[in-house]
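The values are calculated or read from the model by the stated rules, or taken from the named source; none is laboratory data. Not measured: the values here are computed from a predicted model. FYI the Cβ positions are ideal-geometry reconstructions off the backbone, even for glycines, and counts take in every protein chain you see.
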Amino acid sequence: MNAAAVLKRVSLLLPFSLFLACLIVMAPQINALAGSAGLATFKNHFLGIFLEAVPFILFGALVSSMIHLIMPEDFLARKWPKNPAAGIAMACLLGALFPVCECGMIPLVRRLVQKGMPAYVATVFLLSGPIVNPIVFGATALAFQGHPEMVYARLGIALFVASAAGFILYLTVRKNPLRYTLANSSGHQHTEVKWFGGGHSLKTRTAALFQHAADDFLDAGKYLIVGCLITAALQTFVSRDALAAYSSGPAASYAFMMGLGFILSLCSTSDAFVASTFMHTFSHGALLSFLVLGPMLDFKNMLMLLSAFKTKFVIGLMLIVPPLVLVGCLLTDRFLIS
């Protein structure tokens, strides 16, 4: 084990030891709070968000590991279309084929960029995939039975926002936005194993598959836990009804629903059922802003993005996406639905 890996483990062990000591000292107070209704609600919110996200992160990590073992390092750089319009169109199609929610997308997209996928194309896949895939499409149709316009509007706005963001990034991003690339990633030191060639046994290749998947899962998982804790606290202690009182105007209703989507951090397979409960409270456009922005950018997803991409890139994404969502939802509500 090299010095960098030892230092990383020590840096994680010290805060964990301090946290454990605080738990031991505060055990009586924590035990007294354990029976409170607020803590029970917090626990339920946390477990709901965490357990909903884990299977998708695990799936994304496994696919990411398979790509790492099977695909040559420069494959996507050589094979992906150089024309931005063709590249963005293929990314949208790829998003429609992968049944992965926003949490599982991040380890997968990071690996694709490492393999040579252009950053603007990977962003289109990252933004569109959690909404346009068939599982989410079916869940939205089930939640909005009798309102097919909501289903197709969500799909159309997601493709518009992802494509527009991709073109903007194509014009503005010139450097690799990853926080760590294959060349400078020192946290995971494995013997280089490829699935095809190299003469490795099936046991060695399978072990490498799960080892890389575990690395990706743990990298994303630690930020997921922090995001779930903060999101659960917001859901527990911030009253949705109190916030709704400030969203009486048209502009305020859009701001409220977009903010709610960011805070709640719901999985894209279930957020339509929450949105449908507001059908008689907010306009269709405001509901669509919730359904589109949430899967693209929410609180827990933001923390996970920061673990994979440079801060400047994530901030740029957060400045680009919400205005595009707002414009798309306003135009759809004005000309296509109303």
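Inspect all residues belonging to the stretch 149-157 and state whether any of them is assigned to a loop (DSSP other than H, G, I, E, B) and surrounded by fewer than 24 Cβ atoms within 10 Å (Cβ to Cβ). So that I can check it myself, show each step before the final result.
Here is the first cut: in the stretch 149-157, the ones assigned to a loop (DSSP other than H, G, I, E, B) are none.
Within the stretch 149-157, not a single residue is assigned to a loop (DSSP other than H, G, I, E, B) and surrounded by fewer than 24 Cβ atoms within 10 Å (Cβ to Cβ).
Is there a residue being over 20 Å from LEU127 (Cα atoms), at pLDDT 80 or above and part of a helix (DSSP H, G or I) anywhere in the stretch 259-281? Yes, the stretch 259-281 has at least one match. Only one entry of PHE125, PHE59 meets the criterion of being part of a helix (DSSP H, G or I), in contact with a helix residue (DSSP H, G or I) (Cβ under 6 Å, 6 or more places away or on another chain), among the aromatic types (Phe, Trp, Tyr) and closer than 26 Å to LEU229 by Cα, and that entry is PHE59. Restricting the stretch 291-300 to residues that are in a helix (DSSP H, G or I) and modelled with pLDDT of 85 or more leaves a set whose member that is nearest to SER276 (Cα to Cα) is LEU291.
Count, please, the residues in the stretch 103-122 that happen to be assigned to a loop (DSSP other than H, G, I, E, B) and at pLDDT below 85. Spell out the reasoning first.
The first filter runs over the stretch 103-122 and keeps only residues assigned to a loop (DSSP other than H, G, I, E, B), leaving 115-118.
From what is left, the residues that are at pLDDT below 85 are 115-116.
Residues that pass the stated criteria total 2.
Quick one: in the stretch 119-139, of everything that is touching a Leu at 6+ places or on another chain (Cβ under 8 Å) and of a type in the set (Gly, Ala, Ser), which residue is surrounded by the fewest Cβ atoms within 10 Å (Cβ to Cβ)? Quick ask: steps written out before the conclusion?
Initial filter on the stretch 119-139 (touching a Leu at 6+ places or on another chain (Cβ under 8 Å)): 119-120, 122-123, 125, 128-129, 131-133, 137.
Remaining after also requiring of a type in the set (Gly, Ala, Ser): 119, 122, 128-129.
Working: ALA119: 20, ALA122: 28, SER128: 29, GLY129: 30.
Here the answer is ALA119.
Scanning the stretch 279-317 for residues that are surrounded by fewer than 24 Cβ atoms within 10 Å (Cβ to Cβ), closer than 21 Å to VAL132 by Cβ and either over 13 Å from the mean Cα position of the chain (by Cα) or small (Gly, Ala, Ser) (or both) turns up just one, HIS284.
When ALA232, ALA220, ALA162 are checked against the criterion of being in contact with a Gly (Cβ under 9 Å, 6 or more places away or on another chain), crowded, with 21+ Cβ neighbours inside 10 Å, closer than 30 Å to ALA275 by Cβ and at pLDDT 90 or above, ALA162 stands alone in meeting it. Cβ-Cβ distances below 6 Å connect the following pairs, each with a first residue in the stretch 137-149 that is within 15 Å of LEU266 (Cα to Cα) and in contact (Cβ under 8 Å) with a residue 40 or more places away in the chain, a second residue that is surrounded by 12 or more Cβ atoms within 10 Å (Cβ to Cβ) and among the β-branched types (Val, Ile, Thr), and a separation of six or more residues or different chains: ALA139/THR269; THR140/VAL151.
Out of curiosity, is VAL100 assigned to a helix (DSSP H, G or I) and touching a residue at least 40 places away in the same chain (Cβ under 8 Å)?
Details: assigned to a helix (DSSP H, G or I): no; touching a residue at least 40 places away in the same chain (Cβ under 8 Å): yes.
Criteria not met by VAL100.
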